């Protein structure tokens, strides 16, 4: 059940992870389905609860730099080596190991209890998920 409430700040799963303060997060079709109670039953076993929605995110790091988040929680993010075949191909969104590693089950940020999401005040991310936003690009363009 979706509800508005206070949640604890997510813990850093490992020393190399960072906190991101979302400045803008998209509302995607999967977010609308979850809100409406029509999310795919296929995704339910690949989601951990409770989660903070928001996987299309632009935010700031502690040093003020702006980043967008690659939401996929594949092998590299989970500390799994060697990577599965899909992650080895550069396709972490199709990772075979979304139920493994030091973080809870989740296909992506915004559907994992341990990472937080873009609709919250803070989320945590692995460095491989961070992509710098050029100064000339607005948050509104970057979030897409």
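Of all residues in segment 22-54 being in contact with a helix residue (DSSP H, G or I) (Cβ under 6 Å, 6 or more places away or on another chain) and part of a loop (DSSP other than H, G, I, E, B), which is surrounded by the fewest Cβ atoms within 10 Å (Cβ to Cβ)?
Applying the first criterion (in contact with a helix residue (DSSP H, G or I) (Cβ under 6 Å, 6 or more places away or on another chain)) to segment 22-54 yields 23-24, 39, 53.
Filter once more, keeping what is part of a loop (DSSP other than H, G, I, E, B): 39, 53.
On the way: 39: 16, 53: 21.
Filtering segment 22-54 for residues that are in contact with a helix residue (DSSP H, G or I) (Cβ under 6 Å, 6 or more places away or on another chain) and part of a loop (DSSP other than H, G, I, E, B), the one surrounded by the fewest Cβ atoms within 10 Å (Cβ to Cβ) comes out as 39.
Considering 121, 140, which residue is closer than 13 Å to residue 52 by Cα and loosely packed, with under 13 Cβ neighbours inside 10 Å? Walk me through how you get there before you give the answer.
Values: 140 fails: closer than 13 Å to residue 52 by Cα.
Going through 121, 140 in turn, the sole match is 121.
Taking residue 57, is it surrounded by 12 or more Cβ atoms within 10 Å (Cβ to Cβ), out of contact with any strand residue (DSSP E or B) (no Cβ under 9 Å at 6 or more places or on another chain) and at negative phi? Reasoning before the result, please.
Values: surrounded by 12 or more Cβ atoms within 10 Å (Cβ to Cβ): yes; out of contact with any strand residue (DSSP E or B) (no Cβ under 9 Å at 6 or more places or on another chain): no; at negative phi: yes.
Answer is no for this residue.
With respect to residue 7, is the statement that it is closer than 25 Å to residue 143 by Cβ and outside any loop (DSSP other than H, G, I, E, B) true? Working first, answer last.
Details: closer than 25 Å to residue 143 by Cβ: yes; outside any loop (DSSP other than H, G, I, E, B): no.
Answer is no for this residue.
Would you be able to say whether some residue in segment 79-99 is outside any helix (DSSP H, G or I), within 12 Å of the chain's Cα centre (by Cα) and surrounded by 13 or more Cβ atoms within 10 Å (Cβ to Cβ)?
Restricting attention to segment 79-99, the residues satisfying the condition of being outside any helix (DSSP H, G or I) are 79-84, 89-91, 95-99.
Still in the running and within 12 Å of the chain's Cα centre (by Cα): none.
Checking segment 79-99: not a single residue is outside any helix (DSSP H, G or I), within 12 Å of the chain's Cα centre (by Cα) and surrounded by 13 or more Cβ atoms within 10 Å (Cβ to Cβ).
Would you mind stating whether residue 104 is in contact (Cβ under 8 Å) with a residue 40 or more places away in the chain, within 14 Å of residue 128 (Cα to Cα) and crowded, with 18+ Cβ neighbours inside 10 Å? Show your work before the answer.
On the way: in contact (Cβ under 8 Å) with a residue 40 or more places away in the chain: yes; within 14 Å of residue 128 (Cα to Cα): no; crowded, with 18+ Cβ neighbours inside 10 Å: yes.
In short, no.
Quick check on segment 115-141: of everything there that is assigned to a helix (DSSP H, G or I) and closer than 22 Å to residue 76 by Cβ, which residue is nearest to the chain's Cα centre (by Cα)?
Keep residues of segment 115-141 that are assigned to a helix (DSSP H, G or I), which gives 127-129, 139-141.
Then keep just the ones that are closer than 22 Å to residue 76 by Cβ; that gives 127-129.
Details: 127: 12, 128: 12, 129: 8 Å.
Result: 129.
Restricting to segment 1-11, and then to whatever is in contact with a strand residue (DSSP E or B) (Cβ under 9 Å, 6 or more places away or on another chain) and surrounded by fewer than 14 Cβ atoms within 10 Å (Cβ to Cβ), can you tell me which residue is modelled with the lowest pLDDT?
Applying the first criterion (in contact with a strand residue (DSSP E or B) (Cβ under 9 Å, 6 or more places away or on another chain)) to segment 1-11 yields 9-11.
Going one step further and asking which of them are surrounded by fewer than 14 Cβ atoms within 10 Å (Cβ to Cβ), we end up with 9, 11.
Details: 9: 93, 11: 96.
Ranking the candidates gives 9 first.
So, in segment 60-76, how many residues would count as being in contact with a strand residue (DSSP E or B) (Cβ under 8 Å, 6 or more places away or on another chain), without any contact (Cβ under 8 Å) to a residue 60 or more places away in the chain and buried (at least 20 other Cβ atoms within 10 Å of the Cβ)?
The initial filter retains those residues of segment 60-76 that are in contact with a strand residue (DSSP E or B) (Cβ under 8 Å, 6 or more places away or on another chain), namely 60-62, 65-73.
Still in the list and also without any contact (Cβ under 8 Å) to a residue 60 or more places away in the chain: 60, 62, 71-73.
From what is left, the residues that are buried (at least 20 other Cβ atoms within 10 Å of the Cβ) are 71-73.
Residues flagged as in contact with a strand residue (DSSP E or B) (Cβ under 8 Å, 6 or more places away or on another chain), without any contact (Cβ under 8 Å) to a residue 60 or more places away in the chain and buried (at least 20 other Cβ atoms within 10 Å of the Cβ) within segment 60-76 amount to 3.
Which condition breaks for residue 63 when tested against (1) part of a loop (DSSP other than H, G, I, E, B); (2) within 14 Å of the chain's Cα centre (by Cα); (3) closer than 24 Å to residue 144 by Cα?
Tallying (1) part of a loop (DSSP other than H, G, I, E, B); (2) within 14 Å of the chain's Cα centre (by Cα); (3) closer than 24 Å to residue 144 by Cα, residue 63 fails exactly one: (2).
The values are calculated or read from the model by the stated rules, or taken from the named source; none is laboratory data. Because the structure is predicted, anything quoted here is derived from the model rather than measured. Glycine also receives a Cβ, built like all others from the backbone with ideal geometry; neighbour counts cover every protein chain displayed.
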